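Everything on this sheet refers to the single structure shown next.
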Amino acid sequence: MTNEWNEYKAYIGQPTYTVSNGKDTSFLGRFTTDMIKDFKGFARIFTILARGYLFHNADGSLKDGDPRERIEYARRALCAWCSMPDKKKNATPNAEWQFKTCFAEYHEEFPELVDEDGAGWYYRHVHAVADFISANRTKVNKHLHCLAERTKQWEESWGDKVKQYQVPIFTGTTRAEWALSFDAAIADALELGALRREAVKLTYEQMAYIERIQPLGVPLNVLTTIAEYYIANKPYDSEWCVLPVTNIEAYLGSSALNKQYMNKIPTEFMQKKETSYGIAVCKVNI
């Protein structure tokens, strides 16, 4: 979770669709069912993607020049990643939002993000997941079958989201004022800078402490992941850190963090404010 370059590569690389047992959800990649169904966790995804295209070359090395000169480039990358094919070839942008959803014209610039028909990376991934589940229904846990049965509804909802993401950061419309946008993600990316390419490693003493306070029913890797993320991302001027719970669940391959584990974690280890929209604000004693 703390190697941000690996996370970035997971969002643009070729996923592997396999299943070993009923509990295996690795074919979802860095996503959970809640992320796909309810569109949670995309603020971090867009920020990670924007940082990759603003600051890095394809091999991970740092780009020369001012990243602010690449703002529009990063915005086009986000549009390409989110793109979905235009099934109505002569369709005009939505009258209310004035934004389109198909960015096939960016294929040459971002062949890894969108194909010639306008199917973006995420659109292709969701449909590949649905196809994989349909072909392996007896092997895949039943609670995931809904992902193969709601693709039409998902497409309609995703199309609306893609239009909303394009709303300018300083929009004058109240309805879109607090919505997640590409511009907000790019602004965060510029503030955060280049992606971290090395994972945080806990010391022997930190591991011994976590093992000592580990509550019954909470896996050790859940606590270590939270600790590592906190160490890597705690702001210099505050003990409180934004914890992207939904994205950590995707990294762990389970949606149990918020539903089962958060309330079991002792305050000796972590204090938290109320979780909402897949995000919590926490202070970890480590």
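Annotations for the structure displayed:
- Out of 186, 210, 231, sole residue that is in contact with a Ser or Thr (Cβ under 9 Å, 6 or more places away or on another chain), over 27 Å from residue 8 (Cβ atoms) and at pLDDT 95 or above: 210
- Among the residues listed as 232, 179, 280, the single one being within 19 Å of the chain's Cα centre (by Cα), assigned by TED's automatic domain parsing to the domain that holds residue 10 and within 30 Å of residue 54 (Cα to Cα): 179
- A search for C-beta distances below 7 Å between a residue of region 65-77 that is hydrophobic (A, V, I, L, M, F, W, C) and any residue that is part of a loop (DSSP other than H, G, I, E, B) and surrounded by 10 or more Cβ atoms within 10 Å (Cβ to Cβ), counting only pairs 6+ apart in sequence or on different chains, returns 77/110; 77/113.
- Whenever a residue of region 185-209 is more than 15 Å from residue 4 (Cα to Cα), its partners that are in a helix (DSSP H, G or I) and of a type in the set (S, T, N, Q), lying with C-beta atoms within less than 9 angstrom and at least six residues away or across chains, give the pairs 185/47; 186/47; 202/224; 206/224; 207/224.
- Helices (runs of 4 or more DSSP H) wholly inside region 28-142 containing at least 2 residues that are buried (at least 21 other Cβ atoms within 10 Å of the Cβ), under 19 Å from the mean Cα position of the chain (by Cα) and among the aromatic types (Phe, Trp, Tyr): 42-55, 121-135
- Residue 173, sole failed condition from (1) assigned by TED's automatic domain parsing to the domain that holds residue 9; (2) at pLDDT 95 or above; (3) out of contact with any helix residue (DSSP H, G or I) (no Cβ under 6 Å at 6 or more places or on another chain): (2)
The values are calculated or read from the model by the stated rules, or taken from the named source; none is laboratory data. The structure displayed is predicted, hence computed values, not measured ones. So basically every Cβ, Gly included, is an ideal-geometry build from the backbone, and we count neighbours across all protein chains shown.
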